[in-house]
Every structure is written in C-alpha cells, then in structure tokens.
C-alpha cells in the first residue's frame, strides 16, 4: 500500500452506536454497513460481539453479507480476554478479510482506578492476548486505551510487546478527547521513531471530541506518520463523539498541498451516508455541521451570495457535488413514470431496491408530486428513507384526524391496523396536535413508553416542503432501552404519527411481538398501499 494512502476505519456501528439512544438492530446495522461499503471505507468495525448475542449475530451477518471478496475488512472489538477475542473471531470469521481488534488500558489513571493492575501485568496481558488473537486471525489490531494520557516510555514498551506478539495495526486512542494537536502529533512521532518493529505495522488513531479537537488531532497524527484514521459518520460516538469521517476525508481532499495524503472514499456518497445514519440512529445532524450540515453550502449574507454568483470559490472551498449534493431543483414531476423514477433512484445510489420497494416508494412519490410542484433529490431521499427503510410493522398507521386551533383544545383520532388484523381507533386531547396524536396512538398500542426527543425539519424550502420528523422513545420497563423512528410527509402531523409508530414498532419487535399480517393490514388502505390522508379541522 502506498505511503500516502490513509486507511479509513469506520466505527459508526460500534463506537457510534454507543451514543446514548443510538442503539441499532441487526437489520439497521446491515443496511448501514452496505452503505459504508459503497462509500469505500477500508475497515468496518461492526460491533462488540461479546456485549450480547444479538451484537455477535449482527456482526456475523455484516461479515457474511458485506465482507465479501473485494469488500472492506470487517472487524469486531474485544477486551483483552480470551472470551471476548473468541467471540469476535466467531463473528468476523465469515468475512473474506476478518480482523480481531483487542484493547487494554495503559494509562496510570486506568490501571489504578479501573483495571487495578500493575504496568507489568498489563504488559503480560497484552502479549498473551495478542498472541492468542493472532493464533486465530492473521489481521490483529491492538489498541492502547487512553494512549494519549499514557507515559510515552511505557506506551512504547506495550506497543513493542504487541508487535512482537503479532499485531499488524497499532491504535493510539485519545479515548477521552484530552489531547491537543501539537502534543498528539509529538506522541505519534515519538512512536514512529522509538518503537522497535513499528515499520511492520500500520499506526492508527482514534480521537474523541470532548474538547472539539477530534478532527484536528486526527489530521495532526496523520501528518506525523499515522496511516489509519478511526472515524464515524456524522462524528457520532461516546459523549461528545468521534472524529467525523466526512471532515477528515474532505480535509485531505481539499488541502492536498498541506497533507499530501489520500483515501479511497467515494465522497459523492457522503451526504447519503450521513442522512442514512441520522435517520437510523435518530441523532439529527446540526445545520452548521461541517461538510454535510444543511447550511454547509448555504449562503444568506448578501456579500456572500454576490461572491458565489460571481465565482463559486469566493466562499466555497468544496463543490457541493463532491459530497453528493446537487444544484438541480426539479428532479421528477407528477407525470413521471416508474421507469424514470427507478432510474433516478439508481442514479442516487439506490441500486439494491427490489420491485416491491420501488413500487412503495413510487406510490409515495406520486402522492407528494400531487401536492408539490417540484420534487427534489432531497425529497426522494426522504421518501425512500420513510417508505422503504422502516422496521417491520406490528402496527400499521391507517388514518389521522386532528382538530386544533385557538382557543380550542387540540383533539386527535388515529386509526391503526393491529397485529390481529383488525382496525383500532384511539381519540385523545393534548397540549398540541402532535401530543394529541401520540396520546391517541398510546390508547391503542399496548406498550409503556416515554417520549425522549422530538425533532422536525423541512427537507426543502417553501410552504409545501416535505417535513421529516425523528422521535426517540424510551421503554418504561426494566430495560429502559430507547428506540428511534422516522417519518416524512408534506403534513407534519402525519409525519409525526409515522415516526412515532415506527419507533413503537421497533419496541414491539424487541418485546417479541410479531409483525402485522392478514386482516386489515392487507385489505388496502394501510400505509403500505396508499398515502395516509390527514384531516385537520380549524
């Protein structure tokens, strides 16, 4: 591999999933993994197999379906114990290029307060567990947890022991986001100069954003000789998150004279990847987020608008097309047919949709096209996310009616198709129309939930914009798990109902309930067959 090539190690499915409320099921992990493969990441860290049987199964599925020949390396994370390492090997073994990633803390803070081990004990554990991992798998990554706060001399010893035991990649994490670019680069530089056998390994960096410097630290480390960047889509992850994949990749691409480094990422897939992860995790992207935020290529100030109109480079250092955006406004209209619709979806990267999925999306598109004069690519992304990539439906939204205004009390009635194939209607009042809709749904659904988060935004501008809603709910049983749901519609109340029902369906599936089949859900008029109509009275 060329010395200027940077491996992109994506840990969205492992560290990213550890974001509070971002739990993904196996199907969602597989969907995101497929998109990461399209994006061109070199390594997908698919999970922490020892954490649960479900996570092991999800990693195994990703390894078997996405880790095929020519695809990315599939890795799983393991503590430095035989049980964890064996679980990872079971999970990643189906991949054409499997990797075991094992770690142990090395800072005195962690040794004293967490591990209660001596430096010598950690050194011996490192050697023994990397040796064991290497006996199973040819590709072994070792991470010195809290490496940025580890005494450099001791860190060199641990890394040398890992190399001697057979590690092929060495990761130096800034686990708590404590480092600053200059000192982190110096740490990496010292490793490159002082650790015996370092030339036989790829040096990796994994930076957290507690002080807002994860991307800067990652780039500084790459300049100092590291050649693998551990990142996540949208920068999600523990606490303040991780270094953002899109920021690191676009920095390398935009400033080649500074870094002289390159990656294998197809940057035109960045926006789609960002949107997919935001929808599946329920973690919305801030409008001012670098590279992929809604305002990243927006200009409001008159002097900026004037400059961009005269020459794009006056206020844009990247082309929007480079990250998968487009300047086109009208993509398709209400007179467009299925063939043109499918072709446009394929151009947007949706090449894996079967005929049934395309038909569902097409029906929603026609409904939206009747309500809007223009249907943009952003609208199509939202339609596909809402219509195709939804969880199995235990409850199917059939109808929403809302009465609201001032000084009247907001009232809602909602009809759902239930698992037994019958229709059920709930009616309730609320502090507002959305609260009334959610309360009406709660009357039908036999689940104890609490609303954690409700986020709404317009996909495009204009009074007839398609609205997207993301909700996060928490199970009020002993598990306390959270589930997210997504909905899109030109009527924001309907979009809210869609999102809430989608989240409830995830919770219902987790509780062992079976998807709806037969009866009302298949008689027509359900969400799969025709658009939901909302009736809003003054």
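The values are calculated or read from the model by the stated rules, or taken from the named source; none is laboratory data. Quantities reported herein were computed from a predicted structural model and do not represent experimental measurements. Virtual Cβ from ideal backbone geometry, glycine too; neighbours counted across all protein chains shown.
Candidates 386, 379: the one that is outside any loop (DSSP other than H, G, I, E, B), modelled with pLDDT under 70 and either touching a helix residue (DSSP H, G or I) at 6+ places or on another chain (Cβ under 8 Å) or crowded, with 18+ Cβ neighbours inside 10 Å (or both) is 386.
Considering the range 16-46, the residues that are out of contact with any helix residue (DSSP H, G or I) (no Cβ under 8 Å at 6 or more places or on another chain) and buried (at least 24 other Cβ atoms within 10 Å of the Cβ) include one that is nearest to residue 96 (Cα to Cα), namely 43. Please verify whether residue 109 is farther than 21 Å from residue 32 by Cβ, touching a residue at least 40 places away in the same chain (Cβ under 8 Å) and not in a helix (DSSP H, G or I), treating the condition exactly as stated. No.
Each residue in the range 324-347 was checked for being closer than 22 Å to residue 391 by Cα and at pLDDT below 75, and 0 pass. If I filter the range 269-288 for residues that are buried (at least 19 other Cβ atoms within 10 Å of the Cβ), closer than 16 Å to residue 9 by Cβ and out of contact with any strand residue (DSSP E or B) (no Cβ under 9 Å at 6 or more places or on another chain), do I get at least one hit? Checking the range 269-288: at least one residue is buried (at least 19 other Cβ atoms within 10 Å of the Cβ), closer than 16 Å to residue 9 by Cβ and out of contact with any strand residue (DSSP E or B) (no Cβ under 9 Å at 6 or more places or on another chain). Selection of the range 115-131 for residues being touching a strand residue (DSSP E or B) at 6+ places or on another chain (Cβ under 9 Å) and closer than 11 Å to residue 161 by Cβ yields 122, 125, 126, 129, 130. Can you say whether residue 91 is in contact with a helix residue (DSSP H, G or I) (Cβ under 6 Å, 6 or more places away or on another chain) and within 19 Å of residue 206 (Cβ to Cβ), as far as the supplied structure shows? When the stated conditions are applied, residue 91 does not pass them.
For the range 300-323, the criterion of being touching a helix residue (DSSP H, G or I) at 6+ places or on another chain (Cβ under 8 Å), modelled with pLDDT of 80 or more and either crowded, with 17+ Cβ neighbours inside 10 Å or within 17 Å of residue 376 (Cβ to Cβ) (or both) is met by at least one residue.
Can you give me the number of residues within the range 129-144 that are out of contact with any helix residue (DSSP H, G or I) (no Cβ under 8 Å at 6 or more places or on another chain) and outside any loop (DSSP other than H, G, I, E, B)? Before you say what the answer is, go through the steps one by one.
Residues of the range 129-144 that are out of contact with any helix residue (DSSP H, G or I) (no Cβ under 8 Å at 6 or more places or on another chain), as a first pass: 135, 138-139, 141, 143.
Within this subset, residues satisfying the condition of being outside any loop (DSSP other than H, G, I, E, B) are 135, 141, 143.
Number satisfying all stated conditions: 3.
All conditions in (1) exposed (fewer than 15 other Cβ atoms within 10 Å of the Cβ); (2) in a loop (DSSP other than H, G, I, E, B); (3) at pLDDT 90 or above hold for residue 265, with the sole exception of (1). Out of all the residues in the range 449-475, which are modelled with pLDDT under 85 and over 24 Å from residue 401 (Cβ atoms)? Across the range 449-475, the qualifying residues are 457, 459, 460, 461, 462. When each of 240, 165, 221 is tested for being touching a helix residue (DSSP H, G or I) at 6+ places or on another chain (Cβ under 9 Å) and surrounded by 20 or more Cβ atoms within 10 Å (Cβ to Cβ), the lone residue that passes is 221. When 421, 480, 432 are screened for being more than 26 Å from residue 272 (Cβ to Cβ) and in contact with a strand residue (DSSP E or B) (Cβ under 7 Å, 6 or more places away or on another chain), only 480 passes. The condition (being out of contact with any strand residue (DSSP E or B) (no Cβ under 8 Å at 6 or more places or on another chain) and either modelled with pLDDT of 95 or more or surrounded by fewer than 22 Cβ atoms within 10 Å (Cβ to Cβ) (or both)) is satisfied by just one residue among 49, 53: 53.
Between 170, 211, the distinction of being buried (at least 24 other Cβ atoms within 10 Å of the Cβ), touching a residue at least 24 places away in the same chain (Cβ under 8 Å) and either assigned by TED's automatic domain parsing to the domain that holds residue 111 or in a helix (DSSP H, G or I) (or both) belongs to 170 only. For residue 405, the requirement of being surrounded by fewer than 21 Cβ atoms within 10 Å (Cβ to Cβ), touching a helix residue (DSSP H, G or I) at 6+ places or on another chain (Cβ under 8 Å) and part of a loop (DSSP other than H, G, I, E, B) is not met.
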